[in-house]
Amino acid sequence: MRQFAVSHNMVVKLAAENRGGAKLKYQRASGGDCHFEVTRRRSQGQARSGYFISHCNFVHNTCTGRSRLTASQVREDELIRSLVASDPRISGRVLVEHIKRIRGATISLNEAYRSRTLILEELYGSLEEVVQKLETLLLMWKTKNPTSHMTNLFVL
């Protein structure tokens with residue numbers, strides 16, 4: 001549902017009356033004259049599981065504004081992943097501008113930094129994993145070269 005909203009430059013929200021998850025109703029977040037609405041219901045039969053769409057109205061011609069992305073949606077975008085991979089120190093402001101220009105969507109500065117961190121962890125692993133690998137490498141070096149002296153101590 002979120003991907004559909006992003007691709008159509010809109011923001012959807014889950015309506016308050018979700019009834020414990022049995023009925024999920026998505027509406028245009030800005031309200032106004034927009035009649036966009038999708039209602040999904042949980043399947044009741046034992047042979048089926050999941051949700052089915054019980055009602056939908058995809059008309060949203062009067063909508064204005066931009067879609068708002070989450071960190072996980074940005075993380076899945078291949079273009080943004082390649083930007084972060086090419087420059088791991090890319091700033092959040094630059095990411096926000098790229099997303100606005102390329103995708104026509106908005107993202108908060110906090111979400112941009114969070115997306116960058118998630119992408120870097122997926123590409124290179126977390127800092128703890130990298131330090132652990134480096135420590136293991138140095139210990140192997142010391143066992144292979146017994147006359148060498150190791151003075152670095154890694155503490156996180």
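A few points about this structure:
- Selection of the stretch 99-117 for residues being within 13 Å of ASP77 (Cα to Cα), in a helix (DSSP H, G or I) and modelled with pLDDT under 90 yields ILE99, ILE102, ARG103.
- Listed conditions (1) closer than 14 Å to GLN73 by Cβ; (2) free of Cβ contacts under 8 Å to residues at least 40 places away in the same chain; (3) loosely packed, with under 13 Cβ neighbours inside 10 Å are all met by LEU95, apart from (3).
- THR106 being touching a strand residue (DSSP E or B) at 6+ places or on another chain (Cβ under 8 Å) and among the hydroxyl-bearing types (Ser, Thr, Tyr): yes
For (1) outside any loop (DSSP other than H, G, I, E, B); (2) of a type in the set (Gly, Ala, Ser); (3) at pLDDT 75 or above, each residue gets a yes or a no:
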position	(1), (2), (3)
ASP33	no, no, no
ARG41	yes, no, yes
ALA47	no, yes, no
CYS63	no, no, no
GLN73	yes, no, yes
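The values are calculated or read from the model by the stated rules, or taken from the named source; none is laboratory data. Not measured: the values here are computed from a predicted model. Ideal geometry is used to build each Cβ from the backbone, glycine not excepted, and the neighbour counts take in all protein chains shown.
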